[in-house]
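Take a look at the structure set out below.
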Amino acid sequence: MAERIRTCIICGNNSSTLHFLPNKKQLRKRWLEFIFGRPPVYYSAWLVVCSDHFEPSDFTNYDAYSSGSVSKLSLKPGSVPSRRPATSSQASTTPPLSTDPSTQRPLGKSDHVRSYTAKTYFSDCKISLILKI
């Protein structure tokens, strides 16, 4: 099976430094609010946001990166994405979901869920969509 290329959930960029969701619950919630507007109940644990959505002051090594001394940017603890591309007027409303429940994290208590098949807007492949009922 081919390796999946990770892309930014907001803009689809895969050439900038990509940052995974933080582990701390409150900080992760702030990231999800920026990404989706209203945090979804279920979302992929593998979501990434590119460095384009952070301010230069959010990085520990921005000057070294700008001068070419390092190849990847490192976020300061507690940083939250705050920049949107000019073409994006609001947050994405469709969280990418996985067919593997072990890659999903609930934000709150879950009720019953059912699995449906839907086409993703990224490609013609089918995914399982889990909806809270």
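The values are calculated or read from the model by the stated rules, or taken from the named source; none is laboratory data. Please read all numbers here as calculations on a predicted model, not as lab measurements. Note: ideal-geometry Cβ built from the backbone for every residue, glycine included; neighbour counts use all protein chains shown. Remember, those area values only see protein heavy atoms, side chains included, never the ligands or the DNA or RNA. Shrake-Rupley method; radii C 1.70, N 1.55, O 1.52, S 1.80 Å.
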Item to check | Boolean, Ile5 is hydrophobic (A, V, I, L, M, F, W, C), surrounded by 14 or more Cβ atoms within 10 Å (Cβ to Cβ) and not in a strand (DSSP E or B) | outcome: no
Item to check | Candidate set: region 16-41, residues that are free of Cβ contacts under 8 Å to residues at least 24 places away in the same chain, open to solvent by 30 Å² or more (accessible area, probe 1.4 Å) and in a loop (DSSP other than H, G, I, E, B); chosen: the one nearest to Ser71 (Cα to Cα) | outcome: Asn23
